[in-house]
2 protein chains.
Amino acid sequence: MDISRHDIHSCEIPSLCKACEVRHKGMCGALNPDELTLLSRHTRQIEHPSGEELVGESTHVEAYDNIMRGVVKLSKTLEDGRQQIVGLQFAPDLVGRLYASESPMTAEAASDVEVCRVPRATLERLIDRNPALRKRLMEQALRELDEARDWMVTLGRKTAAEKVASLLLLIATHLDPDATGERRIFDLPMSRLDIADYLGLTIETVSRQFSRLKKDGIIAITANRHIEVLSLAKLQARCG
Amino acid sequence: MDISRHDIHSCEIPSLCKACEVRHKGMCGALNPDELTLLSRHTRQIEHPSGEELVGESTHVEAYDNIMRGVVKLSKTLEDGRQQIVGLQFAPDLVGRLYASESPMTAEAASDVEVCRVPRATLERLIDRNPALRKRLMEQALRELDEARDWMVTLGRKTAAEKVASLLLLIATHLDPDATGERRIFDLPMSRLDIADYLGLTIETVSRQFSRLKKDGIIAITANRHIEVLSLAKLQARCG
DNA sequence: ACCCGACCTTGATCAAGATCAATTTTGCCC
DNA sequence: GGGCAAAATTGATCTTGATCAAGGTCGGGT
C-alpha cells in the first residue's frame with residue numbers, strides 16, 4: 001500500500017489514520033509519513049466556540065488553521081462599522097491568506113469550530129516539498145476565486161428577493177451536495193444579521209423576504225434557523 | 001549568468017530576451033531556455049481590437065492568454081442580460097481559469113489588447129515542471145482573490161458616491177503606482193456602461209456622481225474619458 | 001415554569017438610486 | 001467643417017430597500 005496517498009475513508013493503518021483524521025483533515029492524501037510526523041510536532045488542535053475570532057483583520061498572522069469541523073465566516077469592515085461577509089469556509093479548507101504576513105480580513109467561527117493550527121513556516125515548507133498539498137491549496141484558491149466572483153454578480157446585480165433565494169440555494173446545495181428530489185431540510189449556519197451582511201442588505205429586508213418565501217409556499221421555517229425547502233425548482237426560479 | 005532566472009529588463013542575451021519580451025511577457029523570469037523553446041513552438045501572438053471577446057462564458061477552453069499589452073475585462077451575465085464586471089486584468093496577467101475546461105466567465109478586450117496564446121496542455125505541463133512559474137500563478141490567483149473580496153465590500157456596502165470614488169482611486173493608483181503628490185491624470189480604460197457594470201449601478205447614476213465630483217472640484221473631466229484628479233486626499237475621503 | 005435579553009418580525013415612512021424621457025456632447029467618417 | 005450615430009448628461013418621477021419604531025418569539029438560566 002502506498003502510504004503517501006492513503007485516504008481517510010479507506011486507510012488500512014489505523015494509528016496513522018487516526019492522527020490524520022483528527023489532526024490534519026484534508027491534508028491527509030497529500031502527506032507522506034515523515035511529513036505527517038513533522039506536522040504533528042508543530043501543530044495544535046484548538047476548539048473555538050461560535051462567535052470567537054480566529055484571525056483579526058489587519059493583524060499579523062503566525063499560523064494557518066485547517067478546519068476539522070464547523071463553519072468559518074470571513075468578513076471585512078469599513079471604518080464606520082459597515083460589514084460585509086466575503087466568504088464561508090468549511091472542513092477541510094485552510095483558513096488564512098497564504099504568503100501574506102498580515103490578514104486581509106477577519107475569520108470568525110460561525111458555528112462551533114475545531115481547527116488544527118499549523119505555524120506559517122511549517123506549512124510553507126511543506127507546500128514547497130509536497131506537490132499534492134500544493135495542488136490542493138491552489139485548487140482551494142481557484143475555487144474561492146470562482147465563488148467570490150459568482151457572489152459579486154449576486155451583490156451587484158440581483159434584487160433582495162433574488163439574493164435571499166440565492167443564499168438559500170447555496171446553503172441547501174452545499175450542505176447536502178448529493179441529495180435528490182425537490183425538498184431539502186437544514187439548519188442555517190448563521191444569524192439574520194450575518195445573512196444581511198453576506199447579501200449587502202439589512203436584517204429587516206432579509207426577514208421580509210423570508211416571510212414572502214414562506215407565504216408563497218416555497219419554504220417553511222420553524223425555530224428561526226431551521227429551514228425546510230419545499231420546492232427546489234421554485235427556489236431556483238427566484239435566483240435571477 | 002543564470003539564464004533560467006534572467007529578467008526582461010536586465011537580460012544580456014538579446015535574441016532570447018527579444019523572444020521572451022515579445023512572446024512571453026511576465027513568464028520570462030520563470031523559464032529556462034529549453035522551456036522557452038517548448039513554449040515558442042506552441043504559442044501564437046494575437047491582437048484583439050477593443051471590444052473583441054477573448055473567451056466566452058461557459059465555452060470550452062483550449063488555451064490561456066498571457067497579456068502583453070492592454071486591459072482585459074472579466075464579466076458574468078445573468079439570463080435576462082444583467083451584467084456584472086468581476087475583474088480587470090493587465091499585463092503580464094494570465095487570462096483563463098486554470099485547470100477548468102469550461103470558462104466561468106467572459107474575457108473581453110477593454111482596450112486594444114495583445115496576447116500570447118498558449119495551449120492548455122503546454123502551460124499545464126510547464127506549471128508542473130517549473131516552480132517559479134507556479135509561484136507566479138499562485139500569487140496571481142491569491143491577489144485576484146484579495147481584489148475580488150475587496151470589491152465585494154464596495155458592491156455590498158458602499159453608496160453610489162463611494163463606489164464611483166473607489167473606482168477612480170483604484171484606477172488612479174493602478175495606472176501609475178509610484179506617482180506622488182495630490183494630482184493624477186489618466187484616461188479611463190472603460191465606458192460609462194462598463195463602469196456601471198463594474199459598480200452595480202446604472203449609467204445615469206454614474207454620470208450624476210461624476211458631475212458631483214466635478215462640481216465639488218475634486219476631479220476635472222475633458223473629452224469623456226480623460227480624467228484629472230485634483231485632490232487625491234479628498235477623493236480618498238469619499239471612498240467610505 | 002418563569003424571566004430576561006437577544007434575535008426576529010412587522011408596519012409606517014423615507015430616501016437612494018432606478019427608470020423613463022429628452023437633450024447635449026463627443027468621436028468619427030466623409 | 002458638417003453630418004450622424006453612439007455615448008453621456010440632465011431632469012422628472014417611481015420603486016426598492018433603508019430607516020425608524022414597536023411588538024413578538026426563542027432559548028438559556030434559575
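The values are calculated or read from the model by the stated rules, or taken from the named source; none is laboratory data. This is a predicted model, so every value here is computed, not measured. Glycine gets a Cβ as well: all are built from the backbone with ideal geometry, and neighbour counts include every protein chain shown. Each accessible area value is taken on the protein alone, full model and side chains, heavy atoms only, with ligands, DNA and RNA left out. Shrake-Rupley method; radii C 1.70, N 1.55, O 1.52, S 1.80 Å.
Looking only at residues in region B:101-120 that are farther than 30 Å from B:LEU175 by Cβ and not acidic (Asp, Glu), the one that is farthest from the other protein chains (Cβ to nearest Cβ) is B:PRO119.
All conditions but one from (1) open to solvent by 30 Å² or more (accessible area, probe 1.4 Å); (2) modelled with pLDDT under 90; (3) not charged (D, E, K, R) apply to B:MET68; the one that does not is (1).
Looking only at region B:162-188, residues that are surrounded by fewer than 20 Cβ atoms within 10 Å (Cβ to Cβ) and either within 14 Å of DNA strand D (Cβ to nearest atom) or within 13 Å of another protein chain (Cβ to nearest Cβ) (or both) come to 3 in all. Being away from DNA strand C (no atom under 12 Å from the Cβ) and more than 14 Å from chain A (Cβ to nearest Cβ) is the filter; apply it to region B:189-213 and report the residue that is farthest from B:VAL72 (Cα to Cα). Among those residues, the one meeting the criterion is B:LEU213.
Scoring B:PRO131 on the criteria (1) at negative phi; (2) touching a Lys or Arg at 6+ places or on another chain (Cβ under 9 Å) leaves a single failure, condition (2). In region B:137-159, which residues are open to solvent by less than 50 Å² (accessible area, probe 1.4 Å) and among the basic types (Lys, Arg)? Matches in region B:137-159: B:ARG149, B:ARG157, B:LYS158. Pairs linking a residue in region B:198-213 that is more than 13 Å from B:LEU188 (Cβ to Cβ) and open to solvent by 40 Å² or more (accessible area, probe 1.4 Å) to a residue that is more than 6 Å from DNA strand D (Cβ to nearest atom) and in a loop (DSSP other than H, G, I, E, B), with Cβ atoms under 7 Å and 6 or more positions apart or on different chains, do not occur.
Residues that are open to solvent by less than 70 Å² (accessible area, probe 1.4 Å) and under 24 Å from B:LEU74 (Cβ atoms) were ranked within region B:214-239; the one that is nearest to DNA strand D (Cβ to nearest atom) is B:ILE227. Go through the residues of region B:77-88 one by one and say whether even a single one is over 21 Å from B:VAL153 (Cα atoms), more than 10 Å from every other protein chain (Cβ to nearest Cβ) and assigned to a strand (DSSP E or B). No, there is no match, as no residue in region B:77-88 is over 21 Å from B:VAL153 (Cα atoms), more than 10 Å from every other protein chain (Cβ to nearest Cβ) and assigned to a strand (DSSP E or B).
Using the structure shown, decide if A:PRO92 is at pLDDT below 90 and part of a loop (DSSP other than H, G, I, E, B). Even if it seems obvious, please write down each step before you answer.
Numbers: at pLDDT below 90: yes; part of a loop (DSSP other than H, G, I, E, B): yes.
So A:PRO92 fits the description; yes.
Looking at B:LEU123, is it more than 8 Å from every other protein chain (Cβ to nearest Cβ) and part of a helix (DSSP H, G or I)? Yes: the conditions hold for B:LEU123. A:ARG157 fulfils the conditions (1) within 11 Å of DNA strand C (Cβ to nearest atom); (2) more than 10 Å from chain B (Cβ to nearest Cβ); (3) in contact (Cβ under 8 Å) with a residue 40 or more places away in the chain except for a single criterion, (2). If you go through region A:84-129 and keep only what is in contact with a strand residue (DSSP E or B) (Cβ under 8 Å, 6 or more places away or on another chain), over 19 Å from A:GLU144 (Cβ atoms) and open to solvent by 50 Å² or more (accessible area, probe 1.4 Å), you end up with A:SER101, A:ASP112, A:ARG117.
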